[in-house]
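What follows is a set of notes on a single structure, which appears directly below.
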Amino acid sequence: MQSNILSIINDKFNVPVNNDWSFAGSRSIDNLTHGYHRYPAKFIPQIVKKLIETYTVPADKIADVFAGCGTTLVESKVHGRNSVGVDINPVAQLITQAKIHALQPELLAERITNFKAEMTGYDSEIVYAAAQHARIDYWFREKEKNEIAFLYGLINNIEEEGFKNFFLCALSNILKNCSRWLQRGTKPQIDPEKVIADPFKAMELQLRKMYKKNTDFYTQLEKDNNLGVECDIRLADARQTKIRANSIGAIITSPPYVTSYEYADIHQLTAYWYDYITDISTFRKNFIGTFYSNNRDMVTKSTIAQDIVNELNKIDTRLAGEVANYFNNMYEVAAEMKRILKPSGVTCLVVGNTTMKDVRIKSAEAFAEMLILLNFEIVEIIKREIPHKINPTIRDKNSGKFTKLTSENKKLIYPEELIIIARKCQ
Ligand SMILES: C[S@@+](CC[C@H](N)C(=O)[O-])C[C@H]1O[C@@H](n2cnc3c(N)ncnc32)[C@H](O)[C@@H]1O
């Protein structure tokens, strides 16, 4: 049985790179509301657009169980498909909320004008109330901290949720620029040389940029009569989405990479400022792909995953445990995907294979095996080149973490990405 599955996988994965999916000539990956906020490993919208056009019909409800900053949801709305997303990260939920709600442009212009007028009321002699966290004091100088506290106070006075989320998203995206956090990196690290942005100027610029993007989004939705399309983002775990069973026509998602991005750490500035967390180690625990699960269970259901774990275990037991945990978590996600999909519904998983400590981490093949074990049929495997620099392509040979191009330990990763298309069988 298992050897039969492996031969199906070998066969299906034996495909050349498909240039129709590279989108090398596409100019914008930040159009509409896609460019509201930086987010590690986000989709380029073109992939989602093509998946929607190829594998869904207008009546399908689309889900993204690792919604991130909501690329699938924005594109679903543009294509007139109802959608629902879940993510464990409250910062992702906030960004997505802001991105999926097109605001009436004239009303938004009025709100922005009022907000800018209120900004002039800042008084540097007053100490404005800010969230009390040692980490905020670590990342921010007193001056910027007080100015951000003032801006946050103004936003908290906004009553309508849609507008409030818009301003919260704007402030969230400038926090890094206004902090001492090393600008060109996802690693939490102080840059003592950093030229720190002025919060008022950064906010004005951010609002102007987002206003334009909202207007484009609103205009497009209005033109296509899609303003009322249902779109919902929830704070939930991909293993237990609380989405109704058999209700989803298609899932379009990209799982977190194994032990590469610590989303909890990366989004800590917003999480602390907006009081989403009090302690980062608890916050980290529910993220799939974290290096901090401290797993001891080395047994996985997929034989491909098991081989990877066994190889790693010869070199680094701790890492092997985290990778085993990752694959076990992903098996639970695959079972949840099966539960929420309608019979014959499809799941489209965008996955990058990688190498850690010279062991090939064939996540895509392992996920395909899990899906077959759960009675999915593999419809198609698409191999695409990664055209943009959204995903880093370098891992440190020793730590396995993403690193800078200049590092001596650099090792190429994700030169290609795989898209698994699988159908739920009856
Ligand atoms: C590769 S990113 C998805 C990016 C998304 N495709 C986009 O365009 O923004 C993976 C996401 O998985 C989320 N995640 C990690 N563990 C999760 C869990 N247990 N349940 C739900 N989401 C989780 C992370 O917060 C992150 O947003």
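Restricting to DSSP H runs of at least four residues, report the calculated mean residue ellipticity at 222 nm for the chain, -39500 (n - 2.57) per run over all residues, nearest 500 deg cm²/dmol.
Details: 15 runs with 179 residues, N = 426.
Result for the chain, helices only: -13000 deg cm²/dmol.
With the crude spin-label approximation of a point 7 Å out along Cα→Cβ, what separation in nm comes out for N10 versus R360?
Each label point is offset 7 Å from its Cα along the Cβ direction, giving 1.2 nm.
Take every DSSP beta bridge with both residues inside the chain and express the antiparallel ones as a percent of the total, to the nearest 5.
Within the chain, antiparallel bridges account for around 60 percent of the total.
Viscosity 1.567 mPa s, temperature 4 °C: give me the Stokes-Einstein translational D for the stretch 17-76 in µm²/s, with Rh taken as the Kirkwood radius over C-alpha pairs. Walk me through the numbers before you get to the answer.
Values: Rh = 12.5 Å.
Translational D for this selection: 103 µm²/s.
Pairwise over distinct Cα atoms, reciprocal of the mean inverse distance: report the Kirkwood radius of the stretch 1-143 in Å, one decimal place.
Kirkwood radius, the stretch 1-143: 19.3 Å.
For the stretch 103-226, give the magnitude of the charge dipole about the Cα centre (Cβ charges: +1 Lys/Arg, -1 Asp/Glu; no others), in debye to the nearest 20. Each step should come with its number before you reach the end.
Numbers: 18 positive and 19 negative charges, 131 e Å.
Its charge dipole is roughly 640 debye.
With +1 assigned to the C-beta of every Lys and Arg and -1 to the C-beta of every Asp and Glu, and no other charges, what is the dipole magnitude of the chain about the Cα centre in debye, to the nearest 20?
760
Using only Cα atoms, figure out Rg for the stretch 182-333 and give it as a multiple of 2.2 N^0.38 Å.
Its radius of gyration relative to the 2.2 N^0.38 Å reference: 1.39.
Where is the GNM fluctuation largest for the chain (alpha-carbon springs, 10 angstrom cutoff): S83, S172, S344?
In the Gaussian network model the winner is S344.
Once you've got the GNM for the chain with C-alpha springs shorter than 10 Å, pick whichever of N114, N325, N295 has the biggest mean-square fluctuation.
Result for the chain, Cα springs under 10 Å: N114 fluctuates most.
P(r) for the chain: what percent of alpha-carbon pairs falls in each 10 Å bin, starting at zero?
4, 21, 31, 26, 13, 4, 0, 0
Between the stretch 289-329 and the stretch 124-190, what is the C-alpha centre distance in whole Å?
37
Note down the net charge around T300, summing +1 for each Lys or Arg and -1 for each Asp or Glu among other residues with Cβ under 14 Å from its Cβ.
Counting the neighbours of T300, the net charge comes to -4.
Once the dipole of the chain is set up with Lys and Arg at +1 and Asp and Glu at -1 on Cβ about the Cα centre, which of T282, V351, I252 lies farthest towards its positive end?
V351
Report the local net charge at K424: Lys and Arg +1, Asp and Glu -1, summed over other residues whose C-beta lies under 9 Å from its C-beta.
Values: positive: K338, K342, R423; negative: E377.
Net charge around K424: +2.
Give me the Kirkwood hydrodynamic radius of the stretch 251-291, using the inverse of the mean 1/r over all pairs of distinct Cα atoms, in Å to one decimal.
11.0 Å is the Kirkwood radius here.
With the convex hull built on the Cα atoms of the stretch 251-332, state its orientation-averaged projected area in nm². Provide the component values of the computation, followed by the final result.
Details: hull surface 25.3 nm².
Approximately 6.3 nm², given one-decimal rounding.
Within a 10 angstrom radius of the beta carbon, how do E75, E161, E262 rank from fewest other beta carbons to most?
E161, E262, E75
Under a crude label model (7 Å from the Cα following the beta-carbon direction), how far is V195 from T113 in nanometres?
Placing both labels 7 Å along Cα→Cβ, they lie 3.3 nm apart.
Calculate the tail of P(r) for the stretch 103-226: the fraction of all Cα-Cα distances greater than 25 Å, expressed in %. Walk me through the numbers on the way to the answer.
On the way: 2337 of 7626 pairs.
The answer is 31 percent, as a whole percent.
Listing D297, D265 from the residue with the fewest other Cβ atoms within 10 Å to the one with the most, what is the order?
Final ranking by Cβ density, sparse to dense: D297, D265.
Compare the Cα positions of Q426, P199, V57 along the charge dipole of the chain (+1 at Cβ of Lys, Arg; -1 at Cβ of Asp, Glu; about the Cα centre) and return the one farthest towards the positive end.
Final value for the positive-end residue is Q426.
Among S124, S363, what is the fewest-to-most ranking by other Cβ atoms within 10 Å? Don't skip to the answer; put the middle values down first.
Numbers: S124 10, S363 25.
Result, fewest neighbours first: S124, S363.
For the stretch 1-32 and the stretch 348-376, write down the distance between their C-alpha centroids in whole Å.
Centre-to-centre (Cα) distance: 12 Å.
Since every read-out is calculated from the coordinates, none of them should be taken as a lab result. As the structure is a prediction and not an experimental result, all values here were calculated from the model. Counting neighbours? That spans all protein chains shown, and the Cβs are built from the backbone with ideal geometry, glycine included.
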